[in-house]
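Read the structure below first, then the notes.
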Amino acid sequence: MNDETIDMLRADLAAIEAGETEALSFVSGHGFQSRRWRFAFENDNLSIDFNLPLGCVLADEEAQKAENAEVSAAIRMALVLISAWTEKAASGGRLCVAHDGETASWRLISGDGEVLDDADDWASLVAKLDAEIPEEEKAVIFWP
């Protein structure tokens, strides 16, 4: 399942970077302003829920570029999380990550349901991942 999901995410990322948002795998909604890039993933160690605006044709070009950049960042984050966190989960906790188009949030929950750490920004999540992933397994991530 993870390999297929990763392939679909990579295809969506390539399409967005090529400016082709019409045939993405994880698109919901219809019409000119209601299209969303919607990605949900869940297993024992990880929960991802991204629901971001995409291709709002009535928005100006700058707004559309910003939407595409946000979706690209979300795809990159999903790829890192699925590849690294689901396999390692070094902290032993469950990581829940969400983005609704306005707020990106995350929380780390212990096995008994206690919130160990949380924040409403992606910079702190990147720092958390940097601390959790062993040095020899780290990769360079280019963030928009």
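The values are calculated or read from the model by the stated rules, or taken from the named source; none is laboratory data. What you see is a predicted model, and the numbers here were worked out from it, not measured in a lab. FYI the Cβ positions are ideal-geometry reconstructions off the backbone, even for glycines, and counts take in every protein chain you see. With ligands, DNA and RNA removed, areas are computed over all heavy atoms of the protein, side chains included. Shrake-Rupley method; radii C 1.70, N 1.55, O 1.52, S 1.80 Å.
Some notes on this structure:
- Ranking by accessible area, most exposed first, for Lys128, Lys65 with a 1.4 Å probe: Lys65, Lys128
- P(r) histogram, all alpha-carbon pairs of region 92-132 included - 10 Å bins from 0, percent: 31, 54, 15
- For the set Glu42, Glu67, solvent exposure ranked by accessible area (probe 1.4 Å, protein chains only) runs largest to smallest as Glu42, Glu67.
- Nitroxide proxy distance, nm - points 7 Å out along Cα→Cβ at Met8 and Ala66: 2.9
- Highest to lowest packing among 113-120, 93-100, scored as the average C-beta count within 10 Å: 93-100, 113-120
- When nucleic acids and ligands are ignored and a 1.4 Å probe is applied, Asp49 ends up with an accessible area of around 60 Å².
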